[in-house]
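Input: a single structure, listed below in structure tokens.
The values are calculated or read from the model by the stated rules, or taken from the named source; none is laboratory data. These numbers come from a predicted model, not from an experiment. Cβ coordinates were reconstructed from backbone atoms using ideal geometry, including for glycine residues, and neighbour counts include every protein chain displayed. Accessible surface areas use protein heavy atoms only, side chains included; no ligands, DNA or RNA. Shrake-Rupley method; radii C 1.70, N 1.55, O 1.52, S 1.80 Å.
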Amino acid sequence: PVEHPRVPRPRAGDRQRVEVQRHRVAQALHESSACCGREMVTVDGGTLQETLFESEIFGHERGAFTNAERQKKGLIEEAEGSTLFLDEIGDMPLTLQAVLLRVLETRRVIPLGSRVEEAVDIGLVCASHHPLRQLVSRGMFRADLFFRLSGMTVVLPPLRERSDFEWV
């Protein structure tokens, strides 16, 4: 079952252990969802090169590009029936945001080099160290994607204000 996307976002401040904190919150959201029967799939959008992003997220067919010697499932398909955690979604280029928005609207993915749409059923959790609303106002993040991702927003306090470090 597809649930409302959730966007845990830390406030400005301590960056120490923030990645672990975001991942733990995403994992807790996953475990409390109907998608918890399968392992959560995590994608760090800040580390993927734009040229590889589509292939990694959406998959590809054999021969779709140079060195695509075999078909590969994308991470969205890998997350079928589970949760996809997109970390650092604020770093995603606008062109790829449009493709992700289409997947969220249609619940279908088209691997690179394919003409066949494949249905997907995923839960989605996103995180960003960027204030997405400000990126929207500056034209650096799509307003329609922001709307889709804002089903539930969790603002994480700075680590210096937290006392539950054994959990974090």
- Query: Counting only protein heavy atoms, what percent of the accessible surface of region 13-144 is carbon or sulfur at a 1.4 Å probe?
  - Reply: 47
- Query: Between GLU31 and GLU161, what FRET efficiency comes out of the Förster formula 1/(1 + (r/R0)^6) with R0 = 30 Å and r the beta carbon distance, rounded to 0.05?
  - Reply: 0.80
- Candidate cut points under chymotrypsin sites (Phe, Trp or Tyr not before Pro) in region 17-86, DSSP loop plus at most 15 other Cβ atoms within 10 Å of their own Cβ, are PHE65
- Over 16 Å [Cα-Cα, region 28-79], rounded percent: 51
- Placed amide H near HIS129: partners under 5 Å, 5+ positions off or other chain: GLU88, GLY90
- Show the residues, 5+ positions off or on another chain, whose built amide H is closer than 5 Å to the amide H of GLU117. none
- Taking every Cα atom in region 67-159, find the radius of gyration and the maximum pairwise distance Dmax, and write them in Å. 14.6, 46
- Message: Which residues does the label zone of GLN71 cover in region 99-122, counting backbone N under 14 Å from a point 7 Å along Cα→Cβ?
- Response: 110-119
- Query: Over its Cα atoms, what ratio of radius of gyration to 2.2 N^0.38 Å does region 37-118 give?
  - Reply: 1.05
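Using Cα-Cα distances under 8 Å and only pairs 6 or more residues apart, what relative contact order does region 55-152 have, in percent?
Working: 148 pairs, mean separation 30.8, N = 98.
Answer for region 55-152 is 31 percent.
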- Message: Using a Förster radius of 41 Å, what is the FRET efficiency between VAL154 and GLN49 based on their Cβ-Cβ separation? Nearest 0.05, please.
- Response: 0.90
- Expressed as a whole number of Å, what is the distance separating the alpha-carbon centroids of region 118-134 and region 52-110? 13
- Item | 10 Å beta-carbon shell around ARG148, net charge (K/R +1, D/E -1) | -1
